[in-house]
Amino acid sequence: GAGVSQTPSNKVTEKGKYVELRCDPISGHTALYWYRQSLGQGPEFLIYFQGTGAADDSGLPNDRFFAVRPEGSVSTLKIQRTERGDSAMYLCASSLSSGRIGELFFGEGSRLTVL
Amino acid sequence: KNEVEQSPQNLTAQEGEFITINCSYSVGISALHWLQQHPGGGIVSLFMLSSGKKKHGRLIATINIQEKHSSLHITASHPRDSAVYICAALSTDKLIFGTGTRLQVFP
């Protein structure tokens with residue numbers, strides 16, 4: 001499809017397990033963002049990629065969270081030793097450039113539930 | 001105090017009413033986005049503003065850089081406009097989101 005694709009759309013896991021969430025941005029978009037949204041709250045910045053490199057990872061809450069984008073396209077958000085507080089909607093967005101010029105396109109999100 | 005604040009948090013309206021949602025920010029920005037989020041989570045970008053005013057259909061967005069304030073207006077509101085509207089300030093390549101305004105438009 002032409003939009004930002006996120007998989008899985010829903011993930012239920014047990015506390016302590018490892019989880020991977022995938023984002024497939026719009027082809028040609030160099031900027032990719034990950035956000036986390038808890039119920040009733042606005043999205044919270046996690047990490048921003050420009051190409052293959054993480055330009056800003058200051059939003060990652062702790063070292064259990066890690067994200068990669070090895071070929072400058074698909075990105076994977078990895079969460080180790082999941083905790084109940086990690087339950088949220090994880091949103092990915094992409095943009096043609098850093099966002100200074102480009103419009104942002106969001107995926108439908110991956111809802112993570114940690115039991 | 002949040003760097004991006006929206007008001008009101010919740011808004012109900014009758015079909016046809018004129019709607020205004022406000023956004024104030026305290027950081028330096030290069031642009032401000034207005035986003036629409038429907039139940040289920042999908043987010044759609046409505047506007048990206050760096051100055052002045054933009055219009056798309058029944059939606060109008062304005063920004064006053066000096067006052068660090070932006071507004072989203074909906075004219076002739078319709079039940080299908082019911083959604084959460086989020087403003088997000090682009091500051092040093094990072095988007096800082098407001099907490100959103102939940103709008104319900106009743107027929």
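The values are calculated or read from the model by the stated rules, or taken from the named source; none is laboratory data. Owing to the predicted nature of the structure, the values given are computational and were not obtained by experimental measurement. Cβ placement follows ideal geometry from the backbone for every residue including glycine, while neighbour counts extend to all protein chains displayed. Keep in mind that these areas ignore ligands, DNA and RNA; they rest on the heavy atoms of the full protein, side chains included. Shrake-Rupley method; radii C 1.70, N 1.55, O 1.52, S 1.80 Å.
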Check your understanding: Could you state the per residue volume, in Å³, of the convex hull enclosing the Cα atoms of the stretch B:1-93?
Key -> 103
Point to revise | Cα centroid of the stretch A:9-47 to Cα centroid of the stretch B:41-107, whole Å | key: 23
Review point. Just how large is the dipole of the protein assembly as shown about the Cα centre, in debye to the nearest 20, putting +1 at every Lys and Arg Cβ and -1 at every Asp and Glu Cβ?
Key: 140
Exercise for review: Lys and Arg at +1, Asp and Glu at -1: add these up for the other residues within a Cβ distance under 15 Å of A:LEU39 and post the number.
Suggested key: +2
**Study point:** chain B, accessible surface, carbon-and-sulfur percent (1.4 angstrom probe)
**Key:** 49
Check your understanding: Which values of log₁₀ I(q)/I(0), to two decimal places, follow from the Debye formula for the protein assembly as shown at q = 0.16 Å⁻¹ with a uniform point scatterer at every Cα?
Key -> -1.09
Review point. So what is the relative contact order for chain A, in percent, with contacts set as C-alpha pairs under 8 Å and at least six apart?
Key: 37
Exercise for review: Partner chain Cβ atoms within 10 Å, averaged over the residues of B:30-38 - can you pull that number for me?
Suggested key: 3
Practice item. For the stretch A:15-98, state which GluC sites (Glu not before Pro) are in a DSSP loop and have at most 11 other beta carbons lying within 10 Å of their beta carbon. Key: A:GLU71
Review point. How large is Rg over Rh for chain A, taking Rg from the Cα atoms and Rh as the Kirkwood inverse mean of 1/r across Cα pairs?
Key: 0.95
Study note, to complete from the structure: Loop-resident GluC sites (Glu not before Pro) in the stretch B:7-107 with no more than 11 other Cβ atoms inside 10 Å, DSSP not H/G/I/E/B, are B:GLU67
Exercise for review: Compute the signed sum of charges (Lys and Arg +1, Asp and Glu -1) over the other residues within less than 9 Å, Cβ to Cβ, of B:SER24.
Suggested key: -1
Review point. Could you give the accessible area per residue of the protein assembly as shown, probe 1.4 Å, as a whole number in Å²?
Key: 48
Point to revise | Percent accessible area from carbon and sulfur atoms, chain A, protein chains only, probe 1.4 Å | key: 48
Exercise for review: Please compute how much accessible surface disappears when A pairs with B, both sides summed, using a 1.4 Å probe, and round it to the nearest 100 Å².
Suggested key: 1700
Exercise for review: Per residue of B:91-97, count partner chain C-beta atoms within 10 Å of its C-beta, then hand back the mean as an integer.
Suggested key: 6
Revision key, fill the gap. The local net charge around A:ARG69, scoring Lys/Arg +1 and Asp/Glu -1 for residues other than A:ARG69 whose Cβ lies under 14 Å from its Cβ, equals -3
